Amino acid sequence: MSKFTVSKQAARVLNFVGGKRISLATNNNTFKVYEPRSGEVLTEVEAARRSDVETALQAAHKAQTHWASIPPPERGVVLRRAAELIRENVDDISYWEVIDNGKPIEEAKADVLSCAETFDYFSAVDLNGEHIPLSDADKRLAYTRREPLGVVGAIGAWNYPIQTATWKIAPAIACGNAIIYKPSPLTPVTAVILAELLQSAGVPDGLVNVLQGGGLTGGSICQARGINKVTFTGSVSTGKLIAQGAAADYVKPVTLELGGKSSCIIFEDCDIDMAVSGAMMANFYSQGQVCSNASKVLVHRSILEPFTKSLIEHTAKMPIGDPLNPKTRIGATVSAEHLAKVNGFTASAVAEGAKLLHGGQKASVPDFPNGYYLEPAVLTGITPKMTVYGEEIFGAVLLIIPFDTDDEALGIANDTCFGLAAGIFTNNLARAHTFINKLHAGNVYVNTYNDVSPAVPFGGYGQSGYGRENGKAAVEHYSQIKSVFINASGKLDNPF
Ligand code: NAD
């Protein structure tokens, strides 16, 4: 295994094709990337065009044919080396994740280490087919082979940049595919570091490519003929375009990991300290920019007062500031536009009659007057007609909604077209099981929130998308099954 170090110039030349960073020679089409921590320009990036997608596809096809011929256990060795290299370089990779995204360094380290776990998990995932006995007497049998799809086109969001890239790249290459990954134009850096690291771990040139750009680049990847599968993480509106684009010319299988509007239900029989921790975990990680966040925190009226008091005390104590400071718990929002959008939700709720109990103002952080810092907000007095009740906020805005009965809580939680996640805090086992069964969500958390594991499938119901990432379920989405019938009897009757 070659030694890997993260380049000090990690944010320069960010298209990665055929095993190296490349300049897109004749392209004047660039976009600026801002560092959320300071608001300064971090870098300027060349956006890939359709012809660049074609170039990446040629490299990817060549690499994929070779890679798919390597036995899965040998491919697994390369994935495990990648996991080792990620662990060895966790500090440097996390540094760039913070510079790119603005999240607190301790969270970035957890994200990066989770990527190592993901590569480890997929290094040994079960790719076996089935043996299906038909008739011993007639010497007939059938079996299935699990085969790669070819080249995967992958498009990611900005809130978990390296984890989103990993959740697509690890299962795709474990199953024998090549991949062209397009990160969000807001966070273009760490996917390229990951591609370089995979190269050092032993993936062949061209197996993992990173192309930069926005919607036009993403559209070109979805629609390109040589792309055999599309996997997307982002908003519902873009997800619809992706699904259309992926079927425009050639029909391609699609995985869509989309937005959400989740609830966390706090019952009167819960442990209030745990429930406060859970509500904060469900709203304030990554400045609230988490797809499965439960902005609707439903609280049984009998414990509303102690719950709210404790929640606000704890929220007020969270240090907001430089995300590179290990003590920081609330870092910078990803962009000035997104900060304005999140604050706009708080303002609209207040204008519609909600009460702001805490935060919701731009936070000033010494040394970074132009950084994108926002205090987490806690609102109450929410009604179903308010914009914040129905729409995904994707920021640290927690809505406290009281309820009286279990049916009422279930009704509010399921009153959404999304279905990504839901949480419950209760010590009543029967109640927990009733809600697990009745909640319309792809992920349910009991006395916890936002847990993830590479071994556990993640994905949504309803408008939150389809397909699953992680776990054995992901293998279904990155491979195809060939069914084989065998006649070993030596004779075949002619039916005509
Ligand atoms: P977005 O939809 O604006 O962009 C996502 C990606 O799609 C970006 O890379 C963007 O450049 C690209 N894109 C934009 N237009 C495109 C087009 N026409 N064709 C192809 N690609 C195109 O979303 P975002 O603002 O980056 O991310 C926030 C959204 O992502 C939220 O709704 C959030 O809930 C969701 N999200 C979902 C999950 C999940 O696992 N379900 C995880 C993270 C984020």
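The values are calculated or read from the model by the stated rules, or taken from the named source; none is laboratory data. Everything quoted here is computed from the prediction, not taken from an experiment. No Cβ is skipped: glycine too gets one built from the backbone with ideal geometry, and neighbour counts run over all protein chains shown. Just the protein is used for accessible areas: all its heavy atoms, side chains included, with ligands, DNA and RNA removed. Shrake-Rupley method; radii C 1.70, N 1.55, O 1.52, S 1.80 Å.
For the chain, just say rounded, prolate or oblate: build the C-alpha gyration tensor, square-root its eigenvalues into a ≥ b ≥ c, call rounded for a/c under 1.5, and beyond that prolate if a/b exceeds b/c, oblate if not. Oblate, since a/c reaches 1.5 and b/c is not below a/b.
Between the C-alpha center of the stretch 193-238 and that of the stretch 138-166 there is a gap of 13 Å.
One Cα centroid belongs to the stretch 251-311, the other to the stretch 409-441; the line between them spans 11 Å. Taking all protein chains into account, the per residue accessible area for the chain stands at 42 Å² (1.4 Å probe).
With a simple spin-label model that places each label point 7 Å from the Cα along the Cα-to-Cβ direction, the separation between N428 and A247 comes to 4.4 nm.
I want the antiparallel fraction of DSSP beta bridges within the stretch 263-446, as a percent rounded to 5. Kindly include the intermediate steps, with their values, before the conclusion.
Values: 4 of 25 bridges.
Looking only at bridges with both residues in the stretch 263-446, the antiparallel portion is about 15 percent.
Label zone (K139, point 7 Å along Cα-to-C-beta; backbone nitrogen cut-off 14 Å) within the stretch 460-491: 486-491.
How much mean residue ellipticity at 222 nm does the chain get from its helices, if each DSSP H run of length 4 or more adds -39500 (n - 2.57) and you divide by all residues, to the nearest 500 deg cm²/dmol? Mind showing how you got there, number by number?
On the way: 15 runs with 187 residues, N = 496.
The helix-only estimate for the chain comes to -12000 deg cm²/dmol at 222 nm.
Where nothing but the Cβ of Lys and Arg (+1) and of Asp and Glu (-1) is charged, how large is the charge dipole of the stretch 263-446 around its Cα centre, in debye to the nearest 20?
On the way: 12 positive and 18 negative charges, 59 e Å.
Roughly 280 debye for the stretch 263-446.
Surface composition of the stretch 395-496: carbon and sulfur atoms hold 55% of the protein heavy-atom accessible area at a 1.4 Å probe. Contact order for the stretch 172-300, expressed relative to its length and based on alpha carbon pairs under 8 Å spaced 6+ residues apart, stands at 19 percent.
Taking H placed 1.01 Å from N in the peptide plane, check which residues at least 5 places from V397 or on another chain put their amide H under 5 Å from its amide H. Amide H neighbours of V397, under 5 Å, 5+ apart: A377. On the stretch 225-283, 58 percent of the accessible area sits on carbon and sulfur atoms, based on a 1.4 Å probe. Express the relative contact order of the chain as a whole percentage, based on alpha carbon pairs under 8 Å and six or more residues apart in sequence. Across the chain, relative contact order equals 19 percent.
Rolled with a 1.4 Å probe across the full set of protein chains, the surface gives C417 an accessible area near 80 Å². The largest accessible area among L241, L14 belongs to the first residue in L241, L14, and the rest follow in falling order (1.4 Å probe, all chains). Under a 5 Å amide H cut-off, with hydrogens placed 1.01 Å from N, V446 pairs with I424 among residues at least 5 apart or on other chains.
Given axes a ≥ b ≥ c from the Cα gyration tensor, I'd like to know whether the stretch 1-98 is rounded (a/c under 1.5), prolate (a/b larger than b/c) or oblate.
oblate
Spin-label model, K62/K327: points 7 Å from Cα along the beta carbon direction are separated by 5.4 nm. Charging the Cβ of each Asp and Glu at -1 and of each Lys and Arg at +1, and nothing else, the dipole of the chain about its Cα centre rounds to 1260 debye.
Count the DSSP beta bridges whose two residues both fall in the chain, then state the antiparallel fraction as a percent rounded to the nearest 5.
Details: 29 of 66 bridges.
Given both bridge residues lie in the chain, the antiparallel proportion sits at roughly 45 percent.
You can think of it this way: the chain between T405 and T448 has 13.3 nm of extra reach, that is 0.36 nm per residue less the Cα-Cα gap.
Taking θ as phi - 60° and the Karplus parameters 6.51, -1.76 and 1.60, the scalar couplings of the stretch 50-67 work out to 3, 5, 6, 4, 4, 4, 5, 5, 4, 5, 5, 4, 4, 5, 5, 4, 5, 4 Hz in sequence order, x denoting glycine and proline. Fully extending the segment from S7 to N28 would add 5.1 nm, taking 0.36 nm per residue of separation and subtracting the current Cα-Cα distance.
Considering only alpha-carbon pairs that sit under 8 angstrom and 6 or more positions apart, the relative contact order computed for the stretch 263-446 is 29 percent.
Suppose every K and R has +1 on its Cβ and every D and E has -1 on its Cβ; what is the size of the dipole of the stretch 110-169 about the Cα centre, in Debye to the nearest 20?
Working: 5 positive and 8 negative charges, 49 e Å.
It works out to roughly 240 debye.
Between M318 and R50, the simple label model (points 7 Å from Cα in the Cβ direction) yields a spacing of 4.5 nm.
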